[in-house]
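Note sheet for the following structure.
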Amino acid sequence: MGGKLGTLFARAGHEVVFSYARTKGKLNRLARDAGRKARAGTPAEAAEGADALLLAVHWLRFDDVLKQAGDLSGKVIVTCSLPMNADDTALAVAHTSSGAEELAKRIPKAQVVSAFGTVPSEVLFDVFEARRKATKPSLVYCGDDARSKKIAAQLIRDVGFDPVDAGPLRIARYTEPFTLLIAQLAYEGKGGPELAYRFERLGQ
Ligand SMILES: NC(=O)c1ccc[n+]([C@@H]2O[C@H](COP(=O)([O-])OP(=O)(O)OC[C@H]3O[C@@H](n4cnc5c(N)ncnc54)[C@H](OP(=O)(O)O)[C@@H]3O)[C@@H](O)[C@H]2O)c1
């Protein structure tokens, strides 16, 4: 998710720092392929001076990446990460909390927005390619801070989705399990994983 979204953010004109992988070579490769707006760095370098940080790591890696990122006070953290258990078969947190809320508790001075986690990574480049079409796929996002949500909504638009404000961060309790439905359709369904969704409001 991070590699693809970072590449698309760079193509949309943002400066991007790719960070956090097992090898520096992967980050260098991603940065080179994403073009001149992108570079590789450490999580702390990515955090420094950033308008927004995308958190796209496994739930079990949260502590490590947050430690490496350092002080995130005042930062906008857009998370697409799901609180999956070790073998990715079930949500480790659900119903009464969400991965996004648990993240917000760990970094109370940062502003967390949950976004991008409801679609498979395989669809992202297709959505970007189709971004000038009139009808776009929806993408739900939620968070508690208006300024951070505005930044997230712009990033969502830049990738080619129609942002749908789902409300406060606690709504991630619904969006995170919704992703398991999307994953079921994407990876177990007939049509392949290039799947997005669109909400229609009727009767207006
Ligand atoms: N994939 C999807 O379609 C999708 C969709 C919606 C939500 N999500 C959520 O998004 C998050 C990221 O998913 P993903 O599929 O993008 O995961 P991923 O491909 O495993 O990427 C996670 C990043 O963490 C790095 N990493 C893993 N272990 C590490 C370690 N021990 N030390 C340093 N870096 C390490 C990986 O580097 P390496 O490549 O070197 O391992 C990679 O850069 C997850 O929470 C997932 O639930 C994923």
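Each value in this text was obtained by applying a stated rule to the coordinates, not by laboratory testing. What you see is a predicted model, and the numbers here were worked out from it, not measured in a lab. Here the Cβ is made from the backbone with ideal geometry for all residues, glycine too, and neighbour counts use every protein chain on show.
Residue-level check: of (1) free of Cβ contacts under 8 Å to residues at least 40 places away in the same chain; (2) within 20 Å of Asp165 (Cα to Cα), Thr118 misses just (1). Scanning the stretch 107-145 for residues that are more than 14 Å from the ligand (Cβ to nearest atom), among the polar types (S, T, N, Q) and surrounded by fewer than 21 Cβ atoms within 10 Å (Cβ to Cβ) yields Thr135, Ser138.
Residue by residue through the stretch 79-106, note down the ones that are within 9 Å of the ligand (Cβ to nearest atom), under 20 Å from Tyr187 (Cα atoms) and of a type in the set (Gly, Ala, Ser). Result: Ser81, single match.
The combined condition, being touching a helix residue (DSSP H, G or I) at 6+ places or on another chain (Cβ under 8 Å), over 19 Å from Lys4 (Cα atoms), among the hydrophobic types (A, V, I, L, M, F, W, C) and without any contact (Cβ under 8 Å) to a residue 60 or more places away in the chain, is fulfilled by Ala110.
Residues in the stretch 172-197 that are aliphatic (A, V, I, L, M) and away from the ligand (no atom under 16 Å from the Cβ): 0 in all.
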